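One structure is given below, encoded as structure tokens.
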Amino acid sequence: MLKNPDLFRKTVAGAAMLAWPVLLGLAFLTSPPGTEHDPAVFRASPVQVQASALLFQWATVCLVPVVLGLAHLLRRRAPRTGNIGAAVGLAGAVTAACLFMTDFYDLALALSLPDAPAARVTEVAGALGGFVYGVLLPGFLLHAGLLVLLTGLAAVRRAPWWVPVAALAGTCGPFLTIEQPPAVQAIGSLFHLAAYGTVALKVLRMPVEDWRAA
């Protein structure tokens, strides 16, 4: 497979489309309870915090080949949509991958300081303009880019019409259930698995010649 670049890229893209919602679901399931980075909660569950952060990190990393694979499927039928979606999605994915490193620093603060100063440092860091406008908000471009790509695929009949709708539901789900237990928030990943899994199976079953000509 390594000697065939088209087969390699097709396989990586399809596998990543399946892997990312699975990793995302596991990341939510292993998340510590609560909506804030509570030092007491982090201190009580250091292994859980690290596992969840790593799973979120690798789920986001998987989205790089996902974005490239989706854009590839649009390169002839809707090149502008594919290029715009890829540019926005990649910028968001690379930026979003940085966000989960903060969990390790918050955990280190919880393990090193009393609750009040640890929480204060986290609060100050999270309010810094460079973080908010240079990292946090640009990370949401990832969802916009993915939605553009999936909508483009549905428009050119390379994916069912409901795929972008399911993906949007999967994206909004965790935000709408932010006060709920992590297991409830993980339900959003099932919508992603349905949406991206449908495209993934099509990509993985696609002959290399069709992938090359897509």
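The values are calculated or read from the model by the stated rules, or taken from the named source; none is laboratory data. Here the structure is a predicted model, which is why all the values come from computation and not from measurement. No Cβ is skipped: glycine too gets one built from the backbone with ideal geometry, and neighbour counts run over all protein chains shown. Calculation scope for accessible area: heavy atoms of the full protein, side chains included, ligands and nucleic acids excluded. Shrake-Rupley method; radii C 1.70, N 1.55, O 1.52, S 1.80 Å.
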*asked:* Please count how many residues of the stretch 1-31 are in contact (Cβ under 8 Å) with a residue 12 or more places away in the chain and outside any helix (DSSP H, G or I).
replied: 3
*Of the numbered conditions (1) of a type in the set (G, A, S); (2) at pLDDT below 95; (3) out of contact with any Ser or Thr (no Cβ under 6 Å at 6 or more places or on another chain), G14 fails exactly one; give the number of that condition.*
(2)
*Is it true that A71 is surrounded by fewer than 20 Cβ atoms within 10 Å (Cβ to Cβ), among the small types (G, A, S) and touching a residue at least 40 places away in the same chain (Cβ under 8 Å)?*
no
_Testing D210 on (1) open to solvent by 10 Å² or more (accessible area, probe 1.4 Å); (2) assigned to a helix (DSSP H, G or I); (3) more than 24 Å from P5 (Cβ to Cβ), one condition comes back false. Which one is that?_
(3)
*Determine which single condition Q185 fails, assuming it passes every other condition in (1) open to solvent by less than 50 Å² (accessible area, probe 1.4 Å); (2) of a type outside the set (A, V, I, L, M, F, W, C); (3) farther than 14 Å from S31 by Cα.*
(3)
*asked:* Can you report the number of residues in the stretch 177-206 which are in contact (Cβ under 8 Å) with a residue 12 or more places away in the chain, assigned to a loop (DSSP other than H, G, I, E, B) and among the β-branched types (V, I, T)?
replied: 1
*Hey, any hits in the stretch 106-119 for a residue that's closer than 30 Å to A78 by Cα and of a type in the set (D, E, K, R)?*
no
*Of P46, P65, which residue is modelled with pLDDT of 90 or more and either under 14 Å from the mean Cα position of the chain (by Cα) or on the phi > 0 side of the Ramachandran plot (or both)?*
P65
*asked:* Looking at the stretch 158-174 only, could you name the residues that are in a loop (DSSP other than H, G, I, E, B) and surrounded by fewer than 18 Cβ atoms within 10 Å (Cβ to Cβ)?
replied: P160, W161
_Given (1) in contact with a helix residue (DSSP H, G or I) (Cβ under 6 Å, 6 or more places away or on another chain); (2) under 20 Å from V64 (Cα atoms), index of the condition H37 fails_ = (2)
